[in-house]
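Trainee: What follows is a single structure, and I will ask about it in a moment.
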Amino acid sequence: MKKLSKELSCNVVIHKEDLEGKPVYVAECEELSVSDFGDSPEDALNNLKEALRLLISVEPEKADLLKKEEPVLLTRLYL
């Protein structure tokens, strides 16, 4: 499979869910509204990368929605 440019990036949120009593990690790409899951955060990220590569290979114009720069600020806000 063709590798994506390192200039493409997206914001990813990972959260833990419960699936039939078993913890599952879900990774979501905000820009493309694509998500995938795995048994660990690393598995979820690797699965998401593969899903994004597949999507872009089928719909290359989607790559235009991915950020070319890192976010200015990434934080968690507690209320």
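Since every read-out is calculated from the coordinates, none of them should be taken as a lab result. Keep in mind that what you see is a predicted model, and the values were worked out from it rather than measured. Virtual Cβ from ideal backbone geometry, glycine too; neighbours counted across all protein chains shown.
Trainee: Along each of the three principal axes of the Cα atoms of the chain, give the extent in whole Å, ordering the values from largest to smallest.
Mentor: 38, 32, 17
Trainee: Which FRET efficiency, nearest 0.05, do His15 and Lys67 yield, Cβ-Cβ r, R0 30 Å?
Mentor: 0.90
Trainee: Determine the gain in length on full extension of the stretch Asp39-Arg53; use 0.36 nm per residue of separation and subtract their C-alpha separation, reporting nm with one decimal.
Mentor: That pair, Asp39 and Arg53, stretches by 3.0 nm at full extension.
Trainee: Under the rule of -39500 (n - 2.57) per DSSP H run of 4 or more residues, summed and divided by the residues of the chain, what mean residue ellipticity at 222 nm is obtained, to the nearest 500 deg cm²/dmol?
Mentor: Value at 222 nm, helices only: -7500 deg cm²/dmol.
Trainee: Here is a further query. Once phi is turned into θ = phi - 60°, what whole-Hz ³J(HN,Hα) does the Karplus curve with 6.51, -1.76 and 1.60 give for every residue of segment 41-47, x standing for Gly and Pro?
Mentor: For segment 41-47, the Karplus-derived couplings read x, 5, 4, 4, 5, 5, 5 Hz, x marking Gly and Pro.
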